[in-house]
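Heads up: the structure comes next, in structure tokens.
The values are calculated or read from the model by the stated rules, or taken from the named source; none is laboratory data. Note that the coordinates shown come from a computational prediction; the quantities given were computed from them, not determined experimentally. For neighbour counting, all protein chains shown are included, and Cβ atoms are generated from backbone atoms with ideal geometry for every residue, glycine included.
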Amino acid sequence: MLMPNGTRPKITARLRRLKLGIAIARKLIFVVAALFVFLSPELNVSRETLASASNVSRETLGAKPPTEAQVSQSLTCQCGCGLTVANCNMPTCSFSVPLRAEIDQMIGKGMSGPQIISFYRHKFGEKVLSAPTTEGFNLLAWTMPFIAIVVGGGLIVLAFGRWRSVAPTPAPATPASDAIAFDPVLRRRLEDELKERG
């Protein structure tokens, strides 16, 4: 749009901030949507799912059987140490020592890592997993920190923008004739004290 004199109108700072805010909001919506699509368990197709769906063996797909260390790293020891089953340093732990033996037996039977983890998840519940799953309410545990950082950063940018755009208004000038009126008793007292000293 051109002005009558052939120049373009100046874009105000408020309009620029609005355009910037809209651009940031679009990018944020895209990132959140991409995270939900990427982390959605229905859209993730694993090799084990493909193998079971088409009755193809693991060797055909080229998948290696999991190791005991890989599986036990995904499970939390329940003896109270707060470590994973792989890292529990108690030699006579009543939880991790038998669990490692069971994991070795399951791997020997041909079970995959996700199958073994799923077995223990159903047996002990969500608390046995060393990381929250990416489904249901746990998806919020994965995404909320990033969303909070982006929203907090956006609020800080908006706050600084508003603080910078508000120009300080100068105090209205008062003429000398409109001097602040003093209490007449105090004025006389001040004048008397000045005369006594002076």
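Within the range 1-23, is there a residue that is in contact with a helix residue (DSSP H, G or I) (Cβ under 9 Å, 6 or more places away or on another chain), under 18 Å from ILE117 (Cβ atoms) and modelled with pLDDT of 55 or more? For the range 1-23, residues in contact with a helix residue (DSSP H, G or I) (Cβ under 9 Å, 6 or more places away or on another chain), under 18 Å from ILE117 (Cβ atoms) and modelled with pLDDT of 55 or more: absent. Scanning the range 62-115 for residues being more than 14 Å from SER130 (Cα to Cα) and in contact with a strand residue (DSSP E or B) (Cβ under 9 Å, 6 or more places away or on another chain) gives a total of 2.
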